[in-house]
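Here is the structure we will look at, set down as structure tokens.
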């Protein structure tokens, strides 16, 4: 990549038309609903609409206040809907674990696409570590939900590893926590887990679609860089969304580098413009949805809000 010509970036942004904003926002809403859907699959009594509302509020809180403010507000919302705190917490943890499996497993699809479209592996081989993390989380989760005995073993061993970093960790307490967690999620696991994986895989597909649309709307044509090449760049960069603000800067640089490698330096300005638009919607959109969701909850649940 070269020195960004911001004049060219502004010119690329000039390709945007007014009707494209509502279209991008509609796609974003689908993305956010799919992202929250596992909550409704894991937690009895939580509809997909309430799951989406809860998730947007949590995103807003995690942005404007330190943790565990988002978890506290999640639990307050669940309580107002008659969901026991233990069930709400277990479902939230399952939602997070499922998302981490998908997040770190995304490069596996990237390797398949790379084999189809062709290209160099290079630094992408480092993403094998990401796939190993995904497999490790999946294995640990399957062991925990299999039986109380295995849950206790996993909790104890994980506690011993954690105690090397923090001496106050009690492996026995971790073991009991894993057993309680299993009791809270076991009944919904067979039903919810595979469907949650599909929902989050769909969320990635919609998010990728949103990225491709943003790049096309600012003038980066399919003849310059195909959707498959953008998908490869996106999937290999996605694990880095674990960093604050969905890995802003890191993820964008990796995607930009891959686009420039594929399309040439002349595509750099348009790619930067498209990434700016993508970030405006994927970072700013959920905050706006979170503010609306929080206001709606406060209006419809006045007594619960007062208790919270």
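Some points to look at:
- Lone unmet requirement of (1) more than 22 Å from the chain's Cα centre (by Cα); (2) surrounded by 15 or more Cβ atoms within 10 Å (Cβ to Cβ); (3) assigned to a helix (DSSP H, G or I) for residue 192: (1)
Residues are listed down the side, and each one gets a yes or a no for (1) touching a helix residue (DSSP H, G or I) at 6+ places or on another chain (Cβ under 7 Å); (2) surrounded by 13 or more Cβ atoms within 10 Å (Cβ to Cβ); (3) part of a helix (DSSP H, G or I):
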site	(1), (2), (3)
18	no, no, no
21	no, yes, yes
27	yes, yes, yes
31	yes, yes, yes
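- From the list 205, 175, 187, the one residue that fits, being out of contact with any strand residue (DSSP E or B) (no Cβ under 6 Å at 6 or more places or on another chain), under 30 Å from residue 259 (Cβ atoms) and part of a helix (DSSP H, G or I), is 205.
- Search result, residues across segment 213-237 that are part of a helix (DSSP H, G or I) and over 17 Å from the mean Cα position of the chain (by Cα): 213, 214, 215, 216, 217, 227, 228, 229, 230, 232
- The helices (runs of 4 or more DSSP H) found entirely in segment 69-171 that carry 1 or more residues being within 23 Å of residue 46 (Cβ to Cβ) are 69-80, 85-117, 127-146.
- Test for residue 117: is it free of Cβ contacts under 8 Å to residues at least 12 places away in the same chain and surrounded by fewer than 18 Cβ atoms within 10 Å (Cβ to Cβ): no
- Test for residue 78: is it modelled with pLDDT of 95 or more and surrounded by 19 or more Cβ atoms within 10 Å (Cβ to Cβ): no
The values are calculated or read from the model by the stated rules, or taken from the named source; none is laboratory data. None of these values were measured; they are calculated from a predicted model. So basically every Cβ, Gly included, is an ideal-geometry build from the backbone, and we count neighbours across all protein chains shown.
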